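The values are calculated or read from the model by the stated rules, or taken from the named source; none is laboratory data. Since this is a predicted model, take the numbers as computed values, not measurements. Cβ: placed from backbone, ideal geometry, glycine included. Neighbour counts: every protein chain shown.
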Amino acid sequence: MDKQERQWVIAEVQAERERLLPLREEATRTTIELVRKSGGQVSEPDLVPYLNLAYLLGVKRGRGEDELMAFALSLANWAVAAVADLAKYSDQTVEQVVDMYETALMAAAEVGEEPT
């Protein structure tokens, strides 16, 4: 990516951030709701992806693409923070934690199931 392309991408990201910023509070509340409800079902790992997809579809259908994008951004921010915390408290690097999950996901994909 050359300097001009990089500047264009940065400008686009900044513009989208500003546009989605008013949706942040609702997206955060939705994220908390999803994490509480889906997290409470981790003992049934086959159910969790369905619950998460239902939330995503509900946001998309009920609130539209912008709210879905804000929700996805909120989820991504929470995921990064959770992985960073897990790394810190397990005395690992973020890269090691990501590698652990990546390995589990690849192994699950080979046998056609969700990782636990």
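State which residue pairs qualify: first residue part of a helix (DSSP H, G or I) and surrounded by 12 or more Cβ atoms within 10 Å (Cβ to Cβ) and inside the stretch 40-58, second residue at pLDDT below 90 and not small (G, A, S) in any location, beta carbons under 8 Å apart, and separation of 6 or more residues or different chains. Matching pairs, first to second residue: V48/V42; V48/E114. Listed conditions (1) more than 14 Å from the chain's Cα centre (by Cα); (2) within 30 Å of A109 (Cα to Cα); (3) touching a residue at least 12 places away in the same chain (Cβ under 8 Å) are all met by D66, apart from (2).
Confirm whether M106 is surrounded by 13 or more Cβ atoms within 10 Å (Cβ to Cβ), part of a helix (DSSP H, G or I) and aliphatic (A, V, I, L, M).
No: the conditions fail for M106.
In this structure, A87 does not satisfy being surrounded by 12 or more Cβ atoms within 10 Å (Cβ to Cβ), in contact (Cβ under 8 Å) with a residue 24 or more places away in the chain and closer than 30 Å to A109 by Cα.
All of A87, A54, A81 fail the test of being at pLDDT 95 or above and under 15 Å from the mean Cα position of the chain (by Cα), apart from A81.
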